[in-house]
Amino acid sequence: MIPSAFDYARPSTVQEAVRILSEAGEDAKVLAGGQSLIPVLRLRLAAPSLLVDLGGIAELRGVSESGDELVIGAMTRHADILRDPLVARYAPLLAQATATVADRQVRHLGTIGGSLSHADPAGDLPSVSLALDAVMTIAGPAGERSVPASEFFVDYLTTAMQPGEVLVAVRVPKREGWGTHYEKFNRVAQAWALVGVAAAVRRENGSIAEARVALTNMGTTPLRATAVEQALAGALASADAIASAAASAAEGTSPSSDVSASAEYRTHLAKVLTRRAVAAAGGIDAA
Amino acid sequence: MPRISLTVDGVRYDDDVEPRTLLVHHLRERLGKVGTVVGCDTSNCGACTVLMSGEAVKSCTVLAVQADGADITTVEGLAGPDGKLHPVQQAFHDRHALQCGFCTPGMIMAAVDLLAENPDPTDEEIREGLEGNLCRCTGYQNIVRAVRDAAAAMRSAAAPQESVPIGGGA
Ligand SMILES: Cc1cc2nc3c(=O)[nH]c(=O)nc-3n(C[C@H](O)[C@H](O)[C@H](O)COP(=O)(O)OP(=O)(O)OC[C@H]3O[C@@H](n4cnc5c(N)ncnc54)[C@H](O)[C@@H]3O)c2cc1C
Ligand code: FES
Ligand code: FES
């Protein structure tokens, strides 16, 4: 199908984008890579009056270092993330999860900012941003503000951004000395995760000093598996300790039942995938 | 209406387009490039794949206005000026990598894109690399064989020189 008619603007600075969006009101939408938005427009699930294309704003694209953080521009494409040496060095979890997103064609256009702003609970990058304690930089009419990932995802397809605001960058603390892993379960090619688990583990001697575990598609937003993290803190770095911690992976979650999986199956997957993800992140043979 | 300028298969076109026009419709209906087809409404099938600035994209999931200034290669632009098929096209022909042929233009463009990044892929890498393209007929076996053959042909053609230009017909 062909989308319904809309106006189109292609600003060249963030300031200009924010001004156009605030003047246009709630009917305007930001266009990033279009890989979620254009399918929605084609199915006429949305009919915005104006699209504000961020594709012409050079400052939004690319990865840089700032002290102990990586600053990833919102318009950095999935394909750019996969090739970026700073991401490979300081946030390999992000690259590993990005490699599982969709297919080559979609990764050539889809952006990290679009994935996070879209806030699809089945999206792979929201849970990764939680596990990495990422912080979003958001620009709006009143200037810039920072929102941690833990407060950014508010509900199904809903973020803390207000109309007129634009996600500018994702700031990711450099995680040196941490092991990380993304474990995604899907049944067919280019499919979304039935469940996914992002894990980051810091080991000290023979034990796990700290762990971060976040779940994809176990509720209307990505969720931290807090009970697992608490059980792992200070635990022995052993397959048994990980298995017993992973048993509480579904605590506090509310997975949906749909054509792809029942809530019960998702609950089962969350535990199994958490065990695998934490073991791989910690470099422990899960046997 | 915004005015856009595209280079498609080596020819430059300047046109006024409605913002909602999808690149694939612009290619087919305005520029007559009907080699690129539409197979779905959900951005899944990959039949509409073209190269945009050298990278494979689903042209049903790009607005024509987003492509302004880009260099587009469709399946119609792969063969050499003398009509000699691109090695990927030749290999699809030789290996019987199609039945109804509907997925073929997109499959070929996705394979060209994959081989530009990975000139010597394993079968596994070929399957992963083409995951954005669905075929309802072949069961993929002959497609994988064709891409493997094309990769070998392109590597040996490239051996004495630096690289094989995409769309130049080698
Ligand atoms: C076939 C297919 C398979 C897919 N499979 C997966 C998968 O397995 N895993 C996965 O995670 N994703 C998947 N995706 C989605 C893909 O990752 C998209 O790239 C991503 O969700 C959206 O990014 P985008 O840049 O294309 O954003 P767009 O589609 O342009 O925008 C998405 C939404 O975010 C808003 N937005 C975008 N950027 C900003 C910004 N900077 N500030 C404020 N709002 C903004 C837009 O207004 C829109 O509402 C798939 C997509 C397709 C078509
Ligand atoms: S027509 Fe473009 S992906 Fe199916
Ligand atoms: S040959 Fe018929 S869809 Fe592939």
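The values are calculated or read from the model by the stated rules, or taken from the named source; none is laboratory data. These numbers come from a predicted model, not from an experiment. In this analysis, Cβ positions are derived from the backbone assuming ideal geometry, glycine residues included, and neighbour counts consider all displayed protein chains. Each accessible area value is taken on the protein alone, full model and side chains, heavy atoms only, with ligands, DNA and RNA left out. Shrake-Rupley method; radii C 1.70, N 1.55, O 1.52, S 1.80 Å.
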Item to complete: Looking only at segment B:66-74, decide whether some residue is of a type in the set (V, I, T), open to solvent by 20 Å² or more (accessible area, probe 1.4 Å) and not in a strand (DSSP E or B).
Response: no
Response to the item:
Going through (1) under 24 Å from A:T111 (Cα atoms); (2) at the interface with chain A (Cβ under 10 Å from one of its Cβ atoms) one by one, B:L6 fails only at (2)
Fill in: From the options A:A9, A:A99, residue that is within 14 Å of another protein chain (Cβ to nearest Cβ) and open to solvent by 30 Å² or more (accessible area, probe 1.4 Å)
A:A99
Worksheet item: Quick one: B:M109 ticks every box in (1) free of Cβ contacts under 8 Å to residues at least 60 places away in the same chain; (2) under 18 Å from B:L51 (Cα atoms); (3) within 16 Å of ligand 3 (Cβ to nearest atom) bar one, so which box is it?
Response: (1)
Discussion item. I need the full set of residues from segment B:25-41 which are within 16 Å of ligand 1 (Cβ to nearest atom) and modelled with pLDDT of 95 or more, in order please.
Written reply: B:V38, B:G39, B:C40
Item to complete: State all residues of segment B:79-103 that are more than 16 Å from ligand 1 (Cβ to nearest atom) and crowded, with 24+ Cβ neighbours inside 10 Å; if no residue qualifies, say none.
Response: B:H86, B:P87, B:V88, B:A91, B:F92, B:A97
Response to the item:
Residues of segment B:109-135 being open to solvent by less than 40 Å² (accessible area, probe 1.4 Å) and among the β-branched types (V, I, T), in sequence order, are B:V112, B:I126
Practice prompt. May I ask you to list the residues in segment B:109-139 that are assigned to a loop (DSSP other than H, G, I, E, B) and within 10 Å of chain A (Cβ to nearest Cβ)?
Written response: B:L130, B:E131, B:G132, B:N133, B:L134
Worksheet item: Scanning for something among the polar types (S, T, N, Q) and open to solvent by 10 Å² or more (accessible area, probe 1.4 Å), does segment A:266-283 turn up at least one residue?
Response: yes
Practice prompt. Could you tell me which residue of segment B:140-159 is surrounded by the most Cβ atoms within 10 Å (Cβ to Cβ), considering only residues that are hydrophobic (A, V, I, L, M, F, W, C), more than 16 Å from ligand 3 (Cβ to nearest atom) and in a helix (DSSP H, G or I)?
Written response: B:A150
Practice prompt. Mind counting the residues in segment A:195-238 that are open to solvent by less than 40 Å² (accessible area, probe 1.4 Å) and more than 15 Å from the chain's Cα centre (by Cα)?
Written response: 13
Fill in: Matching residues in segment A:158-180 - criterion: being crowded, with 19+ Cβ neighbours inside 10 Å and over 14 Å from the mean Cα position of the chain (by Cα)
A:M161, A:G164, A:E165, A:V166, A:V168, A:R175, A:W178, A:G179, A:T180
Discussion item. Against the definition (within 16 Å of ligand 1 (Cβ to nearest atom) and among the hydrophobic types (A, V, I, L, M, F, W, C)), how does B:V65 come out, yes or no?
Written reply: yes
Discussion item. Go through (1) in contact (Cβ under 8 Å) with a residue 24 or more places away in the chain; (2) within 12 Å of another protein chain (Cβ to nearest Cβ); (3) more than 26 Å from B:V24 (Cα to Cα); (4) over 15 Å from the mean Cα position of the chain (by Cα) for A:R83 and report which single condition fails.
Written reply: (1)
Worksheet item: Which residue out of B:V24, B:V38, B:V50 is part of a strand (DSSP E or B), closer than 30 Å to A:A47 by Cβ and within 14 Å of another protein chain (Cβ to nearest Cβ)?
Response: B:V50
Worksheet item: For segment A:246-273, how many residues meet the condition of being more than 22 Å from the chain's Cα centre (by Cα) and part of a loop (DSSP other than H, G, I, E, B)?
Response: 4
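Return the only residue of A:G25, A:G34 being within 14 Å of chain B (Cβ to nearest Cβ) and either not in a loop (DSSP other than H, G, I, E, B) or not aliphatic (A, V, I, L, M) (or both).
A:G34
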Practice prompt. Assess whether A:R107 counts as being more than 23 Å from A:M218 (Cα to Cα), without any contact (Cβ under 8 Å) to a residue 12 or more places away in the chain and among the charged types (D, E, K, R).
Written response: no
Worksheet item: Exactly one of (1) part of a loop (DSSP other than H, G, I, E, B); (2) buried (at least 24 other Cβ atoms within 10 Å of the Cβ); (3) touching a residue at least 60 places away in the same chain (Cβ under 8 Å) is unmet by A:R187. Its number?
Response: (2)
Worksheet item: Do you know which of the residues in segment A:104-152 that are open to solvent by 30 Å² or more (accessible area, probe 1.4 Å) and on the phi > 0 side of the Ramachandran plot is farthest from ligand 1 (Cβ to nearest atom)?
Response: A:D133
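Only one residue in B:V57, B:V24, B:V17 is buried (at least 18 other Cβ atoms within 10 Å of the Cβ), within 15 Å of B:L134 (Cα to Cα) and away from ligand 3 (no atom under 16 Å from the Cβ), so which one is that?
B:V57
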Practice prompt. Mind listing just one residue for me: the one in segment B:81-98 that is in a loop (DSSP other than H, G, I, E, B) and under 19 Å from B:A146 (Cβ atoms) and, of those, nearest to ligand 3 (Cβ to nearest atom)?
Written response: B:L98
